[in-house]
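S.K.: Below you will find the structure I want to go over with you.
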Amino acid sequence: MKLLAVTSHDILNDSSGTPIHILKILSALALRGFQISVLYLKSDLSLFSNVQHHHKNKLDVYEVPVRYWFSFSRKLALGKNPKVCIAFTNGAASRFLPVLYALNLPLVYEVHTVFRDSSITSPISFIYEQLEKIVCRYTNHLVVLGEQVKELYISCRDIKKDSISVIYPSVNINEFEIVAQPRNRDDNVTVTYVGNLVYANHGINYLLEAARIVCSQNPHINFYLVGQPENAPTFYQKELIDLENNVKFISLSDPSQLNQILKQSDILAHTRIYSLDNLSVQSKMAVYMAAGKPIVATDFADYKFLIQEQGCGYAVSLDAERIAESILKLADNLDLRIKMGEQSRKTASEYFNLETNIDKYINILKSIS
């Protein structure tokens with residue numbers, strides 16, 4: 001089947017969560033026999049930029065600057081004659097909307113960051129908000145990354161229940177076999193957080209406040225904060241006073257180094273704040289689960305179900321004392337860490353398994369082609 005994928009992310013060069021997720025899904029579909037052309041509709045306003053073509057992972061990727069968004073996308077769609085289009089994120093779907101209308105192409109729209117009716121702060125945000133409403137009316141099927149996102153789109157965008165599916169971010173579970181082996185020593189315990197280190201909605205301040213409480217009670221617990229930017233510690237100078245020996249920031253030059261860090265970790269942290277930006281389940285959670293470690297997360301979005309109810313760790317209120325209390329419980333009990341880590345692997349196999357989730361994508365694509 002011929003598939004036209006549309007993205008507003010540089011999936012070939014950007015190693016953050018959303019681009020990696022998109023590349024992973026499209027590459028897996030290509031291995032299943034789909035002929036995939038990818039339109040990367042980049043926000044390049046230069047009058048001198050031209051369309052660039054790349055071939056990687058069995059994908060033909062076209063970088064398209066703003067002035068060619070409509071003309072080239074229409075030409076490519078007519079030439080490739082895809083059976084269905086899949087647009088990842090609001091930005092991609094909105095930018096591609098004129099071509100969809102012009103050619104009446106069937107569409108699967110995958111939501112990553114949900115709409116924000118009550119927080120529009122600029123004309124561009126307002127335009128995208130209105131375009132997203134049109135996309136939702138046009139789309140044949142909606143894919144969302146969480147049950148709470150599904151309920152939101154059913155109630156606020158009038159999406160029919162049989163036209164919306166929850167598919168969590170995916171990982172190849174087998175790639176984490178070695179990572180998931182439990183560590184046997186329980187003296188020096190490592191708590192690891194992975195993600196952007198300066199975004200306010202990631203809740204790093206809460207984690208550092210919890211670290212202060214934890215280390216005051218058990219100085220043998222260390223915290224690794226892994227991600228970008230490299231100068232992240234300068235954002236938290238006050239919070240890091242007296243924590244220099246227990247908190248280490250790690251900026252990875254090679255993403256493959258992450259597995260070694262996860263292997264040496266005992267507890268994984270996910271302290272996202274309560275906001276619409278965090279309502280979708282992040283790709284990081286798929287990695288956390290597959291890594292086979294107990295998780296301490298805030299009880300927002302689907303995390304209470306995925307973590308607390310599945311026995312993979314603790315989902316607690318966004319409060320430093322509650323976060324610290326959960327970390328200390330796990331740090332003091334090796335058997336509990338091993339048990340919850342095993343449950344994380346089982347949950348990853350059930351909800352985040354790449355092969356299983358690709359079957360879901362294929363069923364959706366075939367149903368509307």
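S.K.: Excluding residues fewer than 8 places away in the same chain, name every one of the lysines whose C-alpha is closer than 19 Å to that of Lys238.
M.R.: Within the straight-line limit of under 19 Å, Lys238 reaches these lysines: Lys248.
S.K.: Among the chymotrypsin sites (Phe, Trp or Tyr not before Pro) in segment 6-52, which ones are in a DSSP loop with at most 12 other Cβ atoms within 10 Å of the Cβ? Mind listing them? Don't skip to the answer; put the middle values down first.
M.R.: Details: sites: Phe34, Tyr40, Phe48; in loops: Phe34, Phe48.
Within segment 6-52, the qualifying chymotrypsin sites (Phe, Trp or Tyr not before Pro) (loop, at most 12 other Cβ atoms within 10 Å) are Phe48.
S.K.: Something else now. Using just the alpha carbons, could you tell me how many Å³ per residue the convex hull of segment 147-234 encloses?
M.R.: Enclosed volume per residue, from the Cα hull, is 182 Å³.
S.K.: Show me, bin by bin at 10 Å from 0, the whole-percent P(r) of segment 145-185 based on Cα pairs.
M.R.: 24, 29, 19, 19, 9, 1
S.K.: Largest first and in whole Å, give the semi-axes of the chain's equivalent ellipsoid, each being the square root of 5 times a Cα gyration tensor eigenvalue. Don't jump to the answer; show the numbers that get you there.
M.R.: Numbers: eigenvalues 289, 90, 78 Å².
Calculated on Cα positions only, the semi-axes equal 38, 21, 20 Å.
S.K.: Would you compute, from DSSP H runs of 4+ residues alone, the mean residue ellipticity of the chain at 222 nm, taking -39500 (n - 2.57) per run and dividing by the full residue count, rounded to the nearest 500? Write out the running numbers ahead of the final one.
M.R.: Working: 11 runs with 141 residues, N = 369.
One gets -12000 deg cm²/dmol as the mean residue ellipticity at 222 nm.
S.K.: Which of the aspartates and glutamates could a cross-linker bridge to Lys263, judged by Cα under 15 Å and excluding same-chain residues fewer than eight apart?
M.R.: Partners within reach: Glu175, Glu177, Asp186, Glu342.
S.K.: Taking H as built 1.01 Å from N, whose amide H comes closer than 5 Å to the amide H of Val194, not counting residues under 5 places away?
M.R.: Placed amide hydrogens put Val226, Ala269 under 5 Å from Val194.
S.K.: Could you put Asp44, Asp162, Asp254 in order of accessible surface area, largest first, with the 1.4 Å probe and the full protein assembly present? Walk me through the numbers on the way to the answer.
M.R.: Working: Asp44 40, Asp162 125, Asp254 70 Å².
Ranked from most to least accessible, the order is Asp162, Asp254, Asp44.
S.K.: Same structure again: Please turn the phi angles of segment 241-249 into ³J(HN,Hα) values with the Karplus equation 6.51 cos²θ - 1.76 cosθ + 1.60 (θ = phi - 60°), one per residue in order, whole Hz, x for glycine and proline.
M.R.: So the Karplus estimates, Gly and Pro as x, are 4, 6, 10, 4, 7, 10, 10, 10, 9 Hz.
S.K.: Here is the link list: Lys58/Lys284; Lys2/Lys346; Lys58/Lys304; Lys58/Lys150; Lys133/Lys346; Lys150/Lys339. Which ones come out longer than 29 Å on Cα distance? List each step's numbers first, then the result.
M.R.: Numbers: Lys58/Lys284 25 Å; Lys2/Lys346 34 Å; Lys58/Lys304 38 Å; Lys58/Lys150 32 Å; Lys133/Lys346 37 Å; Lys150/Lys339 31 Å.
Checking Cα-Cα distances, Lys2/Lys346; Lys58/Lys304; Lys58/Lys150; Lys133/Lys346; Lys150/Lys339 exceed 29 Å.
S.K.: Taking amide H atoms as placed 1.01 Å from N in the peptide plane, list the residues 5 or more away in sequence, or in a different chain, whose amide H sits under 5 Å from that of Asp299.
M.R.: Under 5 Å from the amide H of Asp299 lie the amide H atoms of Val316, Ser317, Leu318, each far enough along the sequence or on another chain.
S.K.: Can you run phi through the Karplus equation (6.51, -1.76, 1.60; θ = phi - 60°) for segment 59-70 and list ³J(HN,Hα) in whole Hz, with x for Gly and Pro?
M.R.: Coupling constants for segment 59-70: 10, 9, 10, 10, 7, 10, x, 3, 5, 10, 3, 7 Hz.
S.K.: Once phi is turned into θ = phi - 60°, what whole-Hz ³J(HN,Hα) does the Karplus curve with 6.51, -1.76 and 1.60 give for every residue of segment 337-346, x standing for Gly and Pro?
M.R.: 4, 5, 4, 5, x, 5, 5, 4, 4, 5
S.K.: Considering only the chain, what is the antiparallel percent among its DSSP beta bridges, to the nearest 5? It would help to have the intermediate numbers written out before the result.
M.R.: On the way: 5 of 53 bridges.
The antiparallel proportion sits near 10 percent.
S.K.: Separate question: What number comes out for the charge environment of Met340, summing +1 per Lys or Arg and -1 per Asp or Glu over other residues with Cβ under 12 Å away?
M.R.: On the way: positive: Lys293, Lys329, Arg337, Lys339, Arg345, Lys346; negative: Asp266, Asp335, Glu342.
With Lys, Arg at +1 and Asp, Glu at -1, the neighbours total +3.
S.K.: Give the aspartates and glutamates whose C-alpha is closer than 15 Å to that of Lys360, dropping any in the same chain fewer than 8 places away, or say none.
M.R.: Output for Lys360: Glu110, Asp162, Glu350.
S.K.: If amide H atoms are built 1.01 Å from N in the plane of the peptide, which residues on other chains or at least 5 residues away come under 5 Å of the amide H of Val143?
M.R.: Here the answer is Tyr109, Glu110, Val111, Ser165, since their amide H atoms fall under 5 Å of that of Val143.
S.K.: For segment 197-350, take N as its residue count and report Rg(C-alpha) divided by 2.2 N^0.38 Å. The partial results should precede the final answer.
M.R.: Details: Rg = 14.6 Å, N = 154, 2.2 N^0.38 = 14.9 Å.
Computed over Cα atoms of segment 197-350, the ratio equals 0.98.
The values are calculated or read from the model by the stated rules, or taken from the named source; none is laboratory data. As the structure is a prediction and not an experimental result, all values here were calculated from the model. Glycine gets a Cβ as well: all are built from the backbone with ideal geometry, and neighbour counts include every protein chain shown. Each accessible area value is taken on the protein alone, full model and side chains, heavy atoms only, with ligands, DNA and RNA left out. Shrake-Rupley method; radii C 1.70, N 1.55, O 1.52, S 1.80 Å.
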